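The values are calculated or read from the model by the stated rules, or taken from the named source; none is laboratory data. In this text, all values refer to a predicted model and were calculated from it rather than measured experimentally. Using ideal geometry, Cβ is built from the backbone for each residue, glycine included, and neighbour counts are taken over all protein chains shown.
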Amino acid sequence: MGILDSKIPSGPLADKWTKHKNDINLVNPANKRNIDIIVVGTGLAGGAAAATLAELGYNVKTFCYQDSPRRAHSIAAQGGINAAKNYQGDGDSNYRLFYDTIKGGDYRSREGNVYRLAEVSGNIIDQCVAQGVPFAREYGGMLDNRSFGGVLVSRTFYAKGQTGQQLLLGAYSAMNRQINRGKIQAYNRHEMMDLVLVDGKARGIIARDLVSGEIERHSAHAVVLATGGYGNVFFLSTNAMGSNVMAAWRAHRKGAFFANPCFTQIHPTCIPVSGDHQSKLTLMSESLRNDGRIWVPKKKEDAIAIREGKLKPTELAEEDRDYYLERRYPAFGNLVPRDVASRAAKERCDAGFGVNKTGEAVFLDFASAIERYGKEKALTSGLKNPDKATITKLGEEVVEAKYGNLFQMYEKIVDQNPYKTPMMIYPAVHYTMGGLWVDYNLQTTIPGCYSAGEANFSDHGANRLGASALMQGLADGYFVLPYTIGDYLSDDIRTGAIPTDSKEFDEAEQQVRDRMEKLMGGSGIHSVDYYHKKLGKIMWNKCGMARNEKELKEAIKEISDLRKDFWENVKVPGTIDSKNQELEKAGRVADFLELGELFAKDALHRNESCGGHFREEYQTEEGEALRDDENFKYVAAWEYKGEPKDAELHKEDLVYENIELKTRSYK
Amino acid sequence: MKLYLKIWRQKDASTPGKIVDYTLDGVEGDMSFLEMLDILNEELVSKGEEPVEFDHDCREGICGTCSLQINGEPHGPDRLVTTCQLHMRKFNDGDTIVIEPFRAKAFPVIKDLIVDRSAFDRIQQAGGYISVNTSGNTIDANTIPINKYDADEAMDAATCIGCGACVAACKNASAMLFTSAKVSQFALLPQGQVEATERVQNMVRQMDLEGFGNCTNTGACEVECPKGISLTNIARMNREYLSATCKG
């Protein structure tokens, strides 16, 4: 256990971060110029970290597989970013944001980390406004807020339905300023293939130029991995097509522990799967649950009639509808946390009440919101006794102003008008709370290798609340890492540049080359996508929203067999030394085939239900998650020992000094 | 449905490319355009041929990576969508579809349908930022109220995804819509005023250096822009540029 020291500073919760900042070592500005840092991934966490570290004076190299840092998948976050500003005067505070996040995460995250996150959250908004991020404003010129799931205050700042885009472009602009100053060298269309350790410390990476196919060596005094989550292990997810676990997994194989891989978020409001050809799933922002009401028919025969197209949802009388979230969770209603909403949708669909052809969809209905807003608007416009058509028209205008881009996106994909007929939604894989284990300083178990944003496991426990991913990414990148990494680098002021002609670099490069040769040398029976889709089906069916011992054991066996088959029979056309998208995919899927098995192993060992991890054997009579704090109040951090089945478990006990552990209730 | 595809194939930047014909059967209306290409590629790989390479990532219309010229139009026949959001229901059985990369001197082809758009990054690096340190030690976010109308207009300009459709649509391969969207975002906000003079000059200078053409007010960029970025931004940039030049 000695190895898993979370390094949470002592002292009162609210003073920990300040105290820590005062205690850690600093690097003087002249010495920073002699220190190199590699940042892999240029999303919110990586982009923000790269910009800030360069601004402090370090020499930064960034790497991303996209053609520009601006395209990292943070860009797709829609709804917003939380901050405990209490601009609405509705009782918000750092403590409440901290409390909501710990509770939302079902008591599986660290108090110290989460409080720090809440503490710096307000600063993020100040910072972004100063950078010119055009957040939504009220008519008086002040910033507007909305509400997200699992909380009782309005603390979410937003930029229409494109908050992630605006925040990422903010971080990208900060990066651009440093690129222009020569302090950041950006290596775009580059993929990290391996981490290089010298004397046990992370001292560089092997990267592949995705255009020329060339293998490159890059050294540094520290390496930051901000490479996002591993949701694409499910093949279908809301992640970008290129999102992958390669960098994190390569670090894991070199000694970084991988924590809580089974903690995965299945987002309740996504557009349902339409067919086998589908390549990815599209999210409909959680903000829609502010105004949309979720329902299925009360009677099975109505559900069947709707599925067969014999009955229109709008024709079904109010008393024949089951607003199941409002029924089951009156206090939070449609704004329960994501894990709870997703499971409730699955429960209704499994029971036979699904409303699309596949029976895997529920309705998200805006009719009452349109009527409510329409009446309000008619009143404020001085219209007396408006007819129903006028109210609907006015209401639709209000809804369009709030969610227009999302409604348009839905219509383009599904070919139905969501103003006139309720949207159909179903849960989909969206975010991974698990990731590389890091201490309070965001350092992994490899000295000098740091991890930030979704790639690490640190702040969201077993379930992340909406609008908290953007908060964590920027907090890690702008405000946490720049301090904590200096503490480590203060030992490196006399080290000098790290040479890349050492035997460690030779070996790492050779391993990368051998692995690619092996991928190209398969017998050539099946394409990479064939394996990826198969893996995704196993993951979704056996490690998805509900898991049980029998199926998890089957999953472990099936993934292990599939991995063997993959290495023998995968077909990768083209060559290594040229642009080759199939080879890129093959390398990523190879790592997913290892991670998937560890995922199932982790889910199997955790004999409790908490947050996004729902084990069917552990539930209350009402079907709610049954947590086991006595036996599982810990972080499960896995050490690589060869095959995933041999991974060794290390536990970090979670200590709650400020919050009383309770059964999570949203009733 | 059955489709006849004419696709630009090019080995690398230095090898000349050409149009190659493919026939694809079993395409469904619910597929996205890129999923249609996925199926073609799956067929090519199973035949041992090299798949058609194209840029794509988020497949939900926001990352700006996908960049196909479809039947002569950037992102195809539908309006206000990127290629990844274009669905096959917009096409008919038996259609011939010509698929090319975005064409511009400043966007050299890398392979097949993939082009190099790093010129856009360099324009942003020349001045597409506000020089504020990222320490978080700024003023409270609500200290400067911003008129909602200005904030909304700045947001509209800021929604540019940097895909390059404006350049591909323009007969001059001009990047004025792209550049002006960023200039406008900052010109409309109080935070952008301090560096307004240098910003517009530096960004326009870089734009010209990259080999993009000039604007002749044709408006094709606005029509083809998947995010509906308005031509007004170009007018605003011209005004900013003129006033910057007068200030010297």
Those residues of segment B:62-83 which are more than 7 Å from every other protein chain (Cβ to nearest Cβ) and either crowded, with 22+ Cβ neighbours inside 10 Å or among the hydroxyl-bearing types (S, T, Y) (or both) amount to B:C66, B:S67, B:L68, B:Q69, B:P74, B:H75, B:G76, B:T82, B:T83
*Within segment B:131-148, can one find any residue that is under 22 Å from B:H56 (Cβ atoms), aliphatic (A, V, I, L, M), touching a helix residue (DSSP H, G or I) at 6+ places or on another chain (Cβ under 9 Å) and assigned by TED's automatic domain parsing to the domain that holds B:N202?*
no
Of those in segment A:171-209 that are small (G, A, S) and facing another protein chain (nearest Cβ under 9 Å), the residue surrounded by the fewest Cβ atoms within 10 Å (Cβ to Cβ) is A:A186
- Query: Do we find a residue being part of a loop (DSSP other than H, G, I, E, B), more than 19 Å from the chain's Cα centre (by Cα) and within 14 Å of B:D95 (Cα to Cα) anywhere in segment B:1-24?
  - Reply: yes
Within segment A:618-667, of all residues that are touching a Leu at 6+ places or on another chain (Cβ under 8 Å) and loosely packed, with under 12 Cβ neighbours inside 10 Å, the one farthest from A:E554 (Cα to Cα) is A:E657
query = Are any of the residues in segment A:374-386 hydrophobic (A, V, I, L, M, F, W, C), touching a strand residue (DSSP E or B) at 6+ places or on another chain (Cβ under 8 Å) and either surrounded by 19 or more Cβ atoms within 10 Å (Cβ to Cβ) or modelled with pLDDT of 95 or more (or both)?
reply = no
Of A:K402, A:K377, A:K388, the only residue that is within 26 Å of B:D78 (Cβ to Cβ), assigned by TED's automatic domain parsing to the domain that holds A:E315 and among the basic types (K, R) is A:K402
Going through segment B:23-42 in order, the residues found to be more than 8 Å from chain A (Cβ to nearest Cβ), surrounded by 16 or more Cβ atoms within 10 Å (Cβ to Cβ), out of contact with any Ser or Thr (no Cβ under 8 Å at 6 or more places or on another chain) and not polar (S, T, N, Q) are B:L24, B:V27, B:M36, B:L37, B:L40
Note to self: Criterion first (of a type in the set (S, T, Y) and buried (at least 19 other Cβ atoms within 10 Å of the Cβ)) does B:S174 satisfy it?
What the structure shows: yes
In segment A:116-159, residues that are in a loop (DSSP other than H, G, I, E, B), of a type in the set (S, T, Y) and within 11 Å of chain B (Cβ to nearest Cβ) total 2
### Query
Quick one: would you say B:E240 is assigned to a helix (DSSP H, G or I), in the same structural domain as B:Y129 (by TED's automatic domain parsing) and farther than 19 Å from B:L189 by Cβ?
no
Checked segment A:63-75 for anything farther than 25 Å from A:G161 by Cα and out of contact with any Gly (no Cβ under 7 Å at 6 or more places or on another chain); matches are A:F63
Note on segment A:70-87: residues more than 12 Å from chain B (Cβ to nearest Cβ) and either over 18 Å from the mean Cα position of the chain (by Cα) or not in a loop (DSSP other than H, G, I, E, B) (or both) are A:N82, A:A84
ask   = Can you spot a residue in segment A:180-194 that is within 30 Å of A:A508 (Cβ to Cβ), of a type in the set (S, T, N, Q) and in a loop (DSSP other than H, G, I, E, B)?
value = yes
Note to self: So, A:A351, is that one farther than 30 Å from A:T62 by Cβ, of a type outside the set (K, R) and surrounded by fewer than 16 Cβ atoms within 10 Å (Cβ to Cβ) or not?
What the structure shows: yes
Quick count over segment B:107-123, residues being more than 12 Å from the chain's Cα centre (by Cα) and aromatic (F, W, Y), is 0
Expected single match for under 15 Å from the mean Cα position of the chain (by Cα) and either free of Cβ contacts under 8 Å to residues at least 24 places away in the same chain or surrounded by 17 or more Cβ atoms within 10 Å (Cβ to Cβ) (or both) among B:M207, B:M237 is B:M207
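Suppose the filter is in contact with a Phe, Trp or Tyr (Cβ under 9 Å, 6 or more places away or on another chain) and assigned to a loop (DSSP other than H, G, I, E, B); does A:S287 pass it? Outline the logic, then answer.
Working: in contact with a Phe, Trp or Tyr (Cβ under 9 Å, 6 or more places away or on another chain): yes; assigned to a loop (DSSP other than H, G, I, E, B): no.
So A:S287 fails the test.
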Exception for A:G47 within (1) under 19 Å from A:A240 (Cβ atoms); (2) assigned to a loop (DSSP other than H, G, I, E, B) falls at (2)
For helices (runs of 4 or more DSSP H) lying entirely in segment A:539-657, having 3 or more residues that are under 20 Å from A:N232 (Cα atoms) picks out A:549-569, A:581-605
Would you check if there is a residue in segment A:376-387 being in a helix (DSSP H, G or I) and under 33 Å from the mean Cα position of the chain (by Cα)? no
Taking segment B:128-157 and the residues there that are within 7 Å of another protein chain (Cβ to nearest Cβ), surrounded by fewer than 21 Cβ atoms within 10 Å (Cβ to Cβ) and polar (S, T, N, Q), the one that is farthest from A:N180 (Cα to Cα) would be B:N147
Flagged pairs (Cβ under 6 angstrom, 6 or more apart or on separate chains; first in segment A:338-355, at pLDDT 95 or above; second in a helix (DSSP H, G or I) and charged (D, E, K, R)) are A:G352/A:K300
task: Return yes or no: is A:D90 charged (D, E, K, R), more than 13 Å from chain B (Cβ to nearest Cβ) and either surrounded by fewer than 22 Cβ atoms within 10 Å (Cβ to Cβ) or outside any loop (DSSP other than H, G, I, E, B) (or both)?
output: yes
Worksheet item: Mind checking whether some residue in segment A:77-95 is of a type in the set (A, V, I, L, M), in contact (Cβ under 8 Å) with a residue 24 or more places away in the chain and farther than 21 Å from A:V480 by Cα?
Response: yes
Pairs returned, first residue in segment A:196-214 that is within 19 Å of A:G41 (Cα to Cα), second residue that is of a type in the set (S, T, Y) and assigned to a strand (DSSP E or B), beta-carbon separation under 7 angstrom, 6 or more apart or interchain, are A:R203/A:S219; A:G204/A:S219; A:A207/A:Y187
Of the listed residues (A:N463, A:N456), the one being surrounded by 24 or more Cβ atoms within 10 Å (Cβ to Cβ) and touching a Pro at 6+ places or on another chain (Cβ under 7 Å) is A:N463
